[in-house]
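The values are calculated or read from the model by the stated rules, or taken from the named source; none is laboratory data. Model, not experiment: these values are computed from the prediction. Quick reminder, even Gly has a Cβ in these numbers, built from the backbone with ideal geometry, and neighbours come from all protein chains shown. For the accessible areas, the whole protein counts, side chains as well, though only heavy atoms, and no ligand, DNA or RNA atoms are used. Shrake-Rupley method; radii C 1.70, N 1.55, O 1.52, S 1.80 Å.
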Amino acid sequence: MISSYDWAGGHEAMWRFGPDAGPVVLAALPLFEEANRTRAFLMTLLRALAERGVASALPDLPGSGESLFPTETATLDRWRQAYDGAATLLAGEGRRVHGLGIRGGALVDSYALLHSRWFLSPQPGQAVVRELGRIWQAAEPGADTGDMLGDGPPIPIAGNLVSRTLLGELGGALPMLGPSTRVLRIEGDSQPADRWVPGSPLWRRVEPDNDPALAAVLADDIADWIASCAS
Amino acid sequence: MRPEGVSEVEDTVRAVLRDVLGLSGERAAAFTETTPLFGALPELDSLAVAGVLTELEDRLGILIEDDEVDGDMLESFGSLTRYAVGKALR
C-alpha cells in the first residue's frame, strides 16, 4: 500500500507492507544507481517479511524515487531528516522501529531513534564517493575526482546531477555500528559481518535483477533478529 | 576472510566478473590466463569497469588507485588476476 510521511522539509511517498501492529522495519535503499538495481529485490524482501508477520515501510527520500525534489537539491542531512520523519511517524503508532539499510542506505538512519539496525553489505560514504568518481571519469575522461568535494556546480553522474554538498557529507559518513546492529554480507566479501550468505551482489548488475531465494534467507534472518531484540 | 592464496584471488576475480557483468557460471569458469577482457567482452564497458574495480576492492580488502588502472591491467583475465594477486597478497 502506498502511504506518505512528513518531514521538516516536505512530504514524501512511503510504501507500507504487512500487519498494522507490532514491530515495523523502516527500509532504506542503496544510493544513486544502485537503488534502481535493487528496488525490485527490496520489495520482494519486504513482502517476504510481511509473509512472516513483520511489517515494513519504504520511504521515498527527498530527491530520489518519486520525490518532487530535484536530485541536485538532495543532501545527506535532508535524507537523514526525512528518514527520521518516517521513523517518528511509525513510532507515533506505538510501534518499535527497526532500521534496515542496504549498502549506502546504512548511512541515512543516523538521526532516527531506532530499536535496532540490520544492514546488508553496508559501506562507508567514502566508498560511495570513490565509485561515483569512477563513474564520472568513465563518462568524462580527464575529470578531476580530487575536485569532487570542493565548491562548485553539481556534478553530472550517470544521468543525475549530484551536489558537491552531498558528496562532501558522504565523504565523512559512516554506518552506525554497535551492539544493536546486525550486519550481513554476501559470501566472498572480506569485510566484517555477523553472517555471510550465498548470493550475488544485485547492486552491481548493470541490468536490474531479482533473487527471491536470497530475499527469503534474509527475511528469515531479519524476522529472527527482531524477535531476539524483543526478548 | 581475506584471501590467502593465488587460487583464492583468482576465484574472486572470476566471481566479480561473473556477478558484475551478469555472465553465466559456465562462461566465467571458461576464462583462462589469455582470455581477453577490455575491448573483447561487450559487457565490459567503461561503466562496468568502475563496478568491477570497486567490487574487487570490497571483496579483496584492497584499495585501487586511479593511476594504476590502464589498458594493460584490464587486457586479459591473467593480467587482471596478476594485478589483484599483487595487491591482495603483499
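Quick notes
- Within the range B:76-90, at least one residue is assigned to a loop (DSSP other than H, G, I, E, B) and away from chain A (no Cβ under 14 Å).
- Within this structure, A:E34 fails the test of being open to solvent by 10 Å² or more (accessible area, probe 1.4 Å) and part of a loop (DSSP other than H, G, I, E, B).
- Of the residues making up the range A:194-212, those that are more than 8 Å from every other protein chain (Cβ to nearest Cβ) and of a type in the set (K, R) number 1.
- Residues of the range A:210-231 satisfying the condition of being within 19 Å of A:A48 (Cα to Cα), surrounded by 15 or more Cβ atoms within 10 Å (Cβ to Cβ) and not aliphatic (A, V, I, L, M): A:N210, A:D211, A:D221, A:W225
- Filter result (β-branched (V, I, T), touching a residue at least 24 places away in the same chain (Cβ under 8 Å) and open to solvent by less than 60 Å² (accessible area, probe 1.4 Å)) within the range A:155-174: A:I157, A:V162
- Yes/no for B:T12 being in contact (Cβ under 8 Å) with a residue 60 or more places away in the chain and either assigned to a helix (DSSP H, G or I) or aliphatic (A, V, I, L, M) (or both): yes
- Only one of the listed residues (A:L149, A:L177, A:L100, A:L90) is part of a strand (DSSP E or B) and either open to solvent by less than 10 Å² (accessible area, probe 1.4 Å) or away from chain B (no Cβ under 14 Å) (or both). That residue is A:L100.
- Top-ranked residue of the range A:123-140 - restricted to ones that are open to solvent by 10 Å² or more (accessible area, probe 1.4 Å) and more than 10 Å from every other protein chain (Cβ to nearest Cβ), ranked as modelled with the lowest pLDDT: A:E140
- Residue check for B:A28: touching a residue at least 24 places away in the same chain (Cβ under 8 Å) and either within 8 Å of chain A (Cβ to nearest Cβ) or surrounded by 14 or more Cβ atoms within 10 Å (Cβ to Cβ) (or both): no
- Of residues in the range A:184-197 being at pLDDT 95 or above and in a loop (DSSP other than H, G, I, E, B), the one surrounded by the most Cβ atoms within 10 Å (Cβ to Cβ): A:A193
- No other residue among B:L21, B:L44 is more than 8 Å from chain A (Cβ to nearest Cβ) and at negative phi apart from B:L44.
- Candidate set from the range A:59-81 (those that are open to solvent by less than 30 Å² (accessible area, probe 1.4 Å) and farther than 19 Å from A:P122 by Cβ); member that is modelled with the lowest pLDDT: A:S67
- Single unsatisfied condition, B:E57 versus (1) within 14 Å of chain A (Cβ to nearest Cβ); (2) under 26 Å from A:A143 (Cα atoms); (3) open to solvent by 30 Å² or more (accessible area, probe 1.4 Å): (3)
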